[in-house]
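Read through the structure below, which is laid out as structure tokens, and then see the notes.
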Amino acid sequence: MNDTTAVVTGWSVVSPFGFGAKSYVDGVLGGDIAARPVDAGEVVLPDALACTVRGLDPAAILDGKGIRHLDRASQLALATLSELVEPGLDTGERAGLVLGTALGSVQTEMDHMRASLRARRPHLLDPKTLASGTMNCAAAQCAIRFGITGPNTTVAGGRAAGLHALDYASRLLAAGRADRVIAGAVEEYTPARAWLTHHACSRRLEWLGEGSAMFRLEAPGAREPLAHVLAVTGRVAVDRDLPAAVVACARDVLDRAGVGAAAVWAAIDAGSSLRERAALAGLVGLDALTRVPGAEGIGDTGAASAAFAVATALGLVGRWPEAAGRNVLVMATDPNGAVSGALLRLGGA
Amino acid sequence: MTAQVAGRRVVVTGMGAVSGIGVGLREFAAALRAGRSAAAPATSFDTTGFPSDVVCEVRGFAAGDWIRTLDPARLGRAAQFATAAARMAVQDAGLEPEALARRRGLVTIGTTNGESQDVDELTSADVRHGPEHMRPELARRIPPQTIATSIARELGLSDVDARVIGTACSAGNYAIGEGLDAIRLGLADYVLCGGSDAVSRKTFAAFHRLGLVDPDACRPFDAERRGIITGEGAGVLLLESAEHAAARGARVHAEVLGYGLNCDGEHPVAPSRASVARCMRLALDDAGVKPREVGFISAHGTGTKLNDVTECEAIRDVYDGRPPPVVSLKSMLGHTMGAASALAAIGCVLALTGEFIPPTINHRQTDPDCGVDCVPNVARAARVDVVQNNGFAFGGDNAVVVLGRYAGRDR
């Protein structure tokens with residue numbers, strides 16, 4: 001719902017392909033697949049394979065106590081932010097952070113209840129993990145560890161959470177509440193998420209994945225933009241007709257940006273169903289929809305799905321000369337009926 | 001400091017409240033004025049073995065009285081509360097949902113724990129029978145965003161962004177602030193914003209583990225205060241531009257004058273006096289209001305030792321040692337988490353229009369380290385023009401909203 005242009009001037013990811021943007025772009029453009037056997041020891045998993053981030057060791061990146069006791073989503077977010085944050089630029093009172101999530105760290109929440117049911121007394125939870133029990137833990141930890149003391153917001157937006165974060169962050173800039181905002185999304189692979197996704201039948205790709213993608217947003221002018229965020233908007237399929245809502249939402253995005261469907265060079269969907277993809281192809285054309293490789297190789301990254309789609313678009317800047325100055329549409333849908341879209345104009349022209 | 005956002009003036013034209021002291025706006029207002037308490041032994045979960053059993057639950061709530069399009073049985077408790085409160089707010093605004101559906105909107109709802117009762121039940125199934133025995137319908141509805149999409153689906157609103165703010169116990173104020181900016185900037189014609197949460201065993205256990213639960217009553221600013229009572233409920237406000245409200249001849253409850261948000265960036269649970277003070281200043285600056293214009297402060301006022309003294313010190317810093325009355329609705333409602341600052345904002349508006357200051361109940365003796373006039377136990381008749389509503393959260397996430405009497409002209 002944002003018509004005021006913000007620009008992306010930096011980004012980073014931690015993905016099953018590795019740490020940092022380069023490994024991610026290499027993996028996506030190379031068609032790599034990160035799925036590997038998963039093993040949670042005595043804990044039973046519904047999956048034989050998953051796309052997990054290996055070698056995550058926040059204590060190696062960040063000093064400070066308590067890092068090891070944080071939930072996995074918070075650790076992934078901290079690792080991602082550490083690759084992006086520039087002290088002074090992205091820190092202090094005029095810097096904000098907006099982080100998208102779907103379920104927070106549902107593993108921590110379920111662990112707390114499990115402890116309550118099993119402990120000698122029902123409130124004897126592990127005190128070291130209490131801070132991870134609310135959804136805002138990852139964003140707050142980012143603020144605490146890096147000194148980002150402007151707006152700090154956690155947005156629950158399902159698969160489109162990264163687009164909700166972009167929209168919310170753009171509005172913070174437009175309202176003058178911050179000079180720079182890092183916006184993104186994070187998702188963890190844990191037994192709790194694996195089982196809940198399994199029971200909800202909400203997995204959209206062959207394997208589950210995890211990771212985090214973050215973007216620095218600011219008003220145009222200060223630095224060479226990697227992309228302009230031309231428009232972000234969402235809607236709800238009240239009649240549950242998601243394909244129709246995808247088309248309506250994409251039209252809204254294009255109208256707001258003042259861009260015709262024929263001028264969409266590439267459309268990237270964050271794990272849509274075949275029917276939704278077909279509907280989108282009807283609007284922007286099959287060429288646009290198939291122009292850029294998908295991120296299937298990192299699996300279904302849940303709350304981070306749309307953020308990774310944005311990362312894919314940004315990853316083309318400098319890699320594919322023909323991408324410079326092009327319009328890229330990112331779409332995400334959720335089983336609860338929410339649909340979001342964003343239009344980016346890539347820099348490098 | 002924050003540059004004040006130029007743009008449309010934003011007014012509250014509809015409100016809905018689901019709370020432990022009253023379901024429905026009129027009932028909620030009467031209970032605030034009477035100083036009722038929602039505290040009672042828990043019925044939603046088993047408290048055997050806990051150091052206490054008192055919570056502030058919503059009782060006598062029949063979801064079907066408000067939720068018509070959707071099947072209430074298929075919604076979690078937080079989504080039921082929020083959807084009912086949204087329906088109330090639209091009715092209170094004198095609007096037909098069909099009229100709203102033709103306009104561009106935003107549905108933004110704050111929550112701390114989302115469908116925490118469902119998550120607890122899923123975990124119980126896992127512990128007792130194994131993870132393959134979790135109920136699929138619960139797994140499908142626990143993503144917190146579903147609270148916002150349920151409101152949109154119930155009211156038939158398709159042209160909306162529907163999202164949930166997960167910024168813990170100040171999330172209600174975050175949502176109101178987001179709505180304020182969306183209308184000021186012309187990005188939405190109307191906003192349904194607020195907060196919702198349900199009590200749960202897990203939340204009760206976590207606050208007990210932190211040693212932050214008072215065993216019998218929440219006594220903010222009292223010398224013998226011992227902590228919070230966990231609570232539940234939802235508050236939803238309908239915001240629109242003053243221009244839009246005037247064009248349709250709507251009754252205006254109050255104006256949202258401004259808000260501020262920031263992050264301590266210091267400690268996961270202990271609040272920072274300087275940062276909390278900075279957030280209040282951001283909000284007052286954004287509202288274009290001087291501290292001496294504020295008639296009372298609706299405090300975060302959890303009733304914990306640390307929050308109340310830190311908050312009162314910060315208030316004295318901002319108000320140059322002479323703060324107006326500082327009250328805590330949590331004394332009546334319990335700590336309703338993501339709903340807390342939304343219900344408190346509604347309470348502030350009702351106080352503006354009803355010309356009273358809600359009391360801080362359960363009060364015996366004010367802690368000299370707090371040193372505020374908390375309007376002990378009995379509501380006070382007063383005509384105030386501006387109210388400040390504080391919301392703070394674990395993680396150091398602060399949001400403060402400033403509301404004012406709407407006179408229909410520039411202040």
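Measuring r between the beta carbons of A:Cys201 and A:Glu42 and using R0 = 25 Å, the FRET efficiency lands at 0.45.
Against the empirical 2.2 N^0.38 Å scaling, what ratio does the C-alpha Rg of the protein assembly as shown come to? Walk me through the numbers before you get to the answer.
Details: Rg = 23.8 Å, N = 760, 2.2 N^0.38 = 27.4 Å.
Its radius of gyration relative to the 2.2 N^0.38 Å reference: 0.87.
So for the stretch A:142-192, what are the equivalent ellipsoid semi-axes in whole Å, largest first, each being the square root of 5 times an eigenvalue of the Cα gyration tensor?
22, 15, 7
Computed as a quarter of the hull surface, the mean projected area of the alpha carbon convex hull for the stretch B:11-247 stands at 13.9 nm². Descending by average beta-carbon neighbour count within 10 Å, the peptides B:175-183, B:19-27 line up as B:175-183, B:19-27, the highest first.
If the segment from B:Glu243 to B:Ala274 were pulled out straight at 0.36 nm per residue, it would be longer than the present Cα-Cα gap by 7.4 nm.
Sparse packing (at most 14 other Cβ atoms within 10 Å of the Cβ) combined with a DSSP loop state is found for the following GluC sites (Glu not before Pro) in the stretch B:309-411: B:Glu355. Below 12 angstrom from the Cβ of A:Ser15, what's the summed charge of the other residues (Lys, Arg +1; Asp, Glu -1)? Spelling it out: positives minus negatives among the neighbours equals -3.
Note on chain A: percent of Cα-Cα distances in each 10 Å bin, starting at 0 and stopping at the bin with the largest distance, equals 6, 27, 36, 23, 7, 1, 0. Please report the antiparallel percentage of the DSSP beta bridges confined to the stretch B:258-404, to the nearest 5. The answer is about 70 percent antiparallel. Among the residues of B:173-186, the average count of other protein chain beta-carbon atoms within 10 Å of the residue beta-carbon is 3.
How large is the helix-only mean residue ellipticity at 222 nm for the protein assembly as shown, computed as the sum of -39500 (n - 2.57) over DSSP H runs with n ≥ 4, divided by its residue count, in deg cm²/dmol to the nearest 500? Walk me through the numbers before you get to the answer.
Values: 24 runs with 253 residues, N = 760.
Result for the protein assembly as shown, helices only: -10000 deg cm²/dmol.
Is the shape of the stretch B:13-143 best called rounded, prolate or oblate, per the rule: a/c under 1.5 gives rounded, else a/b larger than b/c gives prolate, else oblate, with a ≥ b ≥ c the square roots of the Cα gyration tensor eigenvalues? The shape class here is oblate. Net charge of the neighbourhood of B:Ser170, taken over other residues with C-beta under 14 Å away and scored Lys/Arg +1, Asp/Glu -1, is -4. Against the main long axis of the alpha-carbon atoms of chain A, helix A:242-257 sits at an angle near 60°.
Across the alpha-carbon atoms of the stretch B:137-204, the computed radius of gyration and Dmax are 13.4, 42 angstrom. Setting aside same-chain residues fewer than 8 positions from B:Lys290, which lysines have a Cα under 27 Å from its Cα? Qualifying lysines at Cα under 27 Å: B:Lys330.
Under the simplified labelling scheme, the B:Lys290-B:Thr69 pair shows an inter-label distance of 4.8 nm, with each label point 7 Å from Cα along Cα→Cβ.
Using DSSP to call loops (not H, G, I, E or B), can you name the trypsin sites (Lys or Arg not before Pro) in the stretch A:201-232 whose Cβ has at most 15 other Cβ atoms within 10 angstrom?
Details: sites: A:Arg203, A:Arg204, A:Arg216, A:Arg223; in loops: A:Arg203, A:Arg204, A:Arg223.
Answer by residue number: A:Arg223.
Cut-off 10 angstrom, C-alpha nodes, Gaussian network model of chain A. Which of A:Cys137, A:Cys201, A:Cys249 fluctuates the most? Looking only at A:Cys137, A:Cys201, A:Cys249, the largest GNM fluctuation is found for A:Cys201. How large is the Kirkwood hydrodynamic radius of the stretch A:122-209, counting all unique pairs of alpha carbons, in Å? 15.4 Å is the Kirkwood radius here.
Using only the alpha-carbon atoms of the stretch A:237-282 as identical scatterers, what base-10 log of I(q)/I(0) does the Debye formula give at q = 0.14, 0.15, 0.22, 0.26 Å⁻¹? Reported log10 I(q)/I(0), two decimals: -0.33, -0.38, -0.78, -1.03.
Size descriptor for chain B, Kirkwood hydrodynamic radius: 20.7 Å (Cα pairs only, one decimal).
Here the spin labels are modelled as points 7 Å beyond Cα on the Cα-Cβ line, and at A:Glu224 and A:Arg118 they lie 5.4 nm apart. What you get for the stretch B:258-404, charging only the Cβ of Lys and Arg (+1) and of Asp and Glu (-1), is a dipole of about 280 debye around the Cα centre.
Taking R0 as 30 Å, what FRET efficiency do you get between B:Arg26 and B:Asp216 from their Cβ-Cβ distance, rounded to the nearest 0.05? Please list the in-between numbers first.
Working: r = 29 Å, r/R0 = 0.97.
In this case the efficiency is close to 0.55.
Residues considered: B:Asp189, B:Asp320, B:Asp53. Largest GNM mean-square fluctuation over chain B, using C-alpha springs under 10 Å, is found at B:Asp320. Based on the alpha-carbon gyration tensor of the stretch B:279-411 and its eigenvalue square roots a ≥ b ≥ c, which shape applies: rounded if a/c is under 1.5, prolate if not and a/b is larger than b/c, or oblate? Cα axes put the stretch B:279-411 in the rounded bin.
With the simple spin-label model, which puts each label point 7 Å out from Cα in the Cβ direction, the B:Ala34 to A:Ala244 separation comes to 4.7 nm. Could you please report the charge total around A:Arg326, scoring K, R as +1 and D, E as -1 over all other residues with beta-carbon less than 15 angstrom from its beta-carbon? Once positives and negatives cancel, what remains is +1.
Looking at chain B alone, DSSP beta bridges between its own residues are antiparallel in about 65 percent of cases. One equal scatterer on each Cα of the stretch A:299-340, no solvent, Debye formula: the resulting log10 I(q)/I(0) at q = 0.20 Å⁻¹ is -0.68. For the stretch A:1-92, the set of trypsin sites (Lys or Arg not before Pro) satisfying both a DSSP loop assignment and a count of at most 11 other C-beta atoms within 10 Å is given as A:Arg54, A:Lys65. Enclosing the Cα atoms of the stretch B:188-253 in their convex hull gives a volume equal to 139 cubic angstrom per residue. Within the stretch A:32-158, antiparallel bridges make up roughly 35 percent of the DSSP beta bridges whose residues both belong there. Counting only other chain Cβ atoms within 10 Å of each residue's Cβ, the peptide A:88-95 averages 2. Shown here: the stretch A:1-90, whose C-alpha atoms stretch 48, 38, 28 Å along the first, second and third principal axes, sorted largest to smallest.
Within the stretch A:227-346, the ratio Rg/Rh, alpha carbon atoms throughout and Rh by Kirkwood, equals 0.93. Shielding value for A:98-111 is 4, the average number of Cβ atoms from other chains within 10 Å of each residue's Cβ.
Since every read-out is calculated from the coordinates, none of them should be taken as a lab result. Quantities reported herein were computed from a predicted structural model and do not represent experimental measurements. Note that we place each Cβ from the backbone using ideal geometry, even for glycine, and neighbour counts take in every protein chain shown.
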